[in-house]
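Structure first, commentary second.
The values are calculated or read from the model by the stated rules, or taken from the named source; none is laboratory data. The structure displayed is predicted, hence computed values, not measured ones. Virtual Cβ from ideal backbone geometry, glycine too; neighbours counted across all protein chains shown. Ligands, DNA and RNA are stripped out before the accessible areas are found, and what is left, the full protein with its side chains, is counted by its heavy atoms. Shrake-Rupley method; radii C 1.70, N 1.55, O 1.52, S 1.80 Å.
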Amino acid sequence: MILERNNLFNISQLEIQLQQSPLRDHLQDFKQLTYVYMLRRAAIKEIGTKLENLDDEFSLVHQHNPINLIEERIKSPASLMEKLERKHLDYTIESINKNILDIAGIRVITNYLDDVFRIEQTLIEQDDVKLVKRKDYINHPKPNGYRSAHLVVTVPVFLSNGTHKDVPVEIQIRTVGMEMWSSLEHKLHYKNFISKEKADQHTAKLQEYSQKLYNIEVGMQQISKDIEKG
Ligand code: GTP
Ligand code: MG
């Protein structure tokens, strides 16, 4: 099951938002930005299909679905602009292509912990998928307790002139428990009307729960494996 988390997959919506974006005034080669977005959108779809196919095949062979949910999102022109600003990057297509690797984003929620690494490995083993960047926040969680595997891969997108381009997609792979944790942490992060004292308490609890959830997921994994052995 693939969920599209925003409406930028719709080409006319995308064009409207690009036209309305202040990037128009900042980017000399603005017209090429639609083309960049088209390519990234195509790359998301390629990776999404690969993931669905892996899940189907795994289920047939092993009677187990590694993937619970796939979510896809395209970075909004507003947040692209914010990122260029924050990272002090040039407002050029060249700089966007080189530095902004997360215009296309896919989140894969897996049922169990082992499934995260299974999905990662089987995806990057595919001949046409190239690993560009990898961060393992599962074995090395962030200080706040954030856990997830982050990859940037490229996948070829074929063009009308018969050639292809290797186009980057950012993939976040995490378990159901890690997803539950990070949505709550995200909520806390963006709510700034609660008192500092209360926010600190929640932050400390969340940090503790990250480890607890991890331990529970390790235990659940063991039970699942045991049941599968029969
Ligand atoms: P960016 O330039 O911000 O993308 O930095 P980066 O590429 O170094 O980012 P990183 O790999 O740390 O994280 C990128 C994405 O992971 C974010 O946009 C979030 O979706 C997610 N993420 C990272 N850290 C956290 C966190 O502490 N809490 C939550 N809820 N999400 C996080
Ligand atoms: Mg990023």
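Assorted remarks:
- In Å², nearest 10: area of Met220 left accessible to a 1.4 Å probe: 100 Å²
- Net charge dipole, the range 184-229: roughly 160 debye, given to the nearest 20, about the Cα centre with Cβ charges of +1 for Lys and Arg and -1 for Asp and Glu.
- Charge dipole magnitude, Cβ of K and R +1, D and E -1 - the chain, Cα centre, debye nearest 20: 740 debye
- Violating pairs (Cα-Cα greater than 22 angstrom) within the set Lys135/Lys229; Lys75/Lys212; Lys75/Lys133; Lys135/Lys225; Lys87/Lys142; Lys31/Lys165: Lys135/Lys229; Lys75/Lys212; Lys135/Lys225
- The HN-Hα couplings worked out from phi for the range 132-143 by the Karplus form 6.51 cos²θ - 1.76 cosθ + 1.60 (θ = phi - 60°) are 9, 8, 9, 10, 9, 7, 8, 7, 10, x, 5, x Hz, whole numbers, x standing for Gly and Pro.
- Measuring nothing but protein heavy atoms, the accessible surface of the chain at 1.4 Å probe radius is 52 percent carbon and sulfur.
- Heavy-atom accessible surface of the range 150-230, averaged per residue, reaches 65 Å², computed with a 1.4 Å probe.
- Gyration tensor (Cα) of the range 184-229, equivalent ellipsoid semi-axes in angstrom: 34, 10, 4
- Rounded to the nearest 20 debye, the dipole size of the range 52-172 about its Cα centre is 640 debye, using +1 on the Cβ of Lys and Arg and -1 on the Cβ of Asp and Glu.
- For the peptides 99-105, 121-127, residues were scored by their other Cβ atoms within 10 Å and the scores averaged per peptide; the highest-first order is 99-105, 121-127.
- Over the range 54-148, the hull volume per residue, using the convex hull of the C-alpha atoms, is 135 Å³.
- Our coupling estimate for the range 180-192, obtained by passing each phi through the Karplus curve with A = 6.51, B = -1.76, C = 1.60 and θ = phi - 60°, is 4, 4, 6, 5, 5, 5, 4, 4, 5, 4, 9, 9, 10 Hz, Gly and Pro reported as x.
- Close amide H partners of Glu4, meaning residues 5 or more places away or on another chain with modelled amide H under 5 Å apart, are Glu72.
- Solvent exposure, largest accessible area first (probe 1.4 Å, DNA, RNA and ligands not counted), of Tyr190, Tyr214: Tyr190, Tyr214
- Theoretical gain in end-to-end length, Met220 to Asp128 [0.36 nm per residue, Cα-Cα removed]: 29.7 nm
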